[in-house]
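Some notes on the structure that comes next.
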Amino acid sequence: MKLRTLLLAGLLAAPACSKSNDNVPVMQEDVAAIVKYNKPRLDTFQKRIDDIDQRVRGLPRTLPELADVERARSEARTKLDDLRNKEATLDKMAAGLAKDGKAVELAKLVEDTETMYEENATIIHDDLSSVEGWLSRAEAGQMRAQPAAPVATPVATAAEPAAAEAPATAAAPAAAAHREPAAAAAPKP
């Protein structure tokens with residue numbers, strides 16, 4: 001029984017091994033495609049980091065939570081740099097594994113590359129989003145904290161005293177008109 005199971009497992013595994021060697025060039029291309037696919041995403045992250053750097057320069061260093069923001073920005077930048085550095089080595093690693101016919105290792109490299117990009121891109125996106133949200137709140141708070149320009153109030157001259165008082169006196173008859181119907185509706189003794 002054990003021999004039959006072992007023989008059956010061997011027969012099923014043999015075609016799988018030969019097929020994986022046929023896929024070596026495809027898996028090598030997969031690694032290159034993953035890198036190429038993620039390049040625009042990394043470029044977008046770099047642009048967001050550059051924009052954040054510009055916005056942070058204009059803020060006072062005494063704002064609350066600035067240390068946390070700097071830490072998140074630094075983590076995003078580090079993760080992005082790590083991905084950029086990996087880009088250069090991934091093609092070489094895939095070419096070396098393909099040349100040696102190491103299909104299993106190449107398949108693992110494809111899987112690890114996809115996972116690496118997705119996990120790091122999620123961390124970078126989350127860090128940058130939290131920093132951009134904090135910056136928006138900080139900039140809005142800074143706008144509110146700035147004193148508004150004083151509003152000039154009109155000063156009445158000797159020739160305009162009646163015009164300055166006109167709106168106030170015009171409101172008095174209107175208020176009296178509203179009281180009259182109530183007075184007329186009340187019964188007289």
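Data for the structure
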item	result
Distance between modelled label sites at residue 61 and residue 84, nm, 7 Å Cα→Cβ extension	2.5 nm
Listed peptides 75-81, 43-49 by packing density, highest first (mean Cβ within 10 Å)	75-81, 43-49
Cα gyration tensor shape for the range 12-145, rounded if a/c is under 1.5, else prolate or oblate	prolate
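Any read-out appearing in this document is the output of simple, stated calculations on the displayed coordinates, not a laboratory observation. Remember, predicted model here, so these are calculated numbers, not experimental data. Cβ sites come from the backbone with ideal geometry, for glycine too, and all protein chains shown count toward neighbours.
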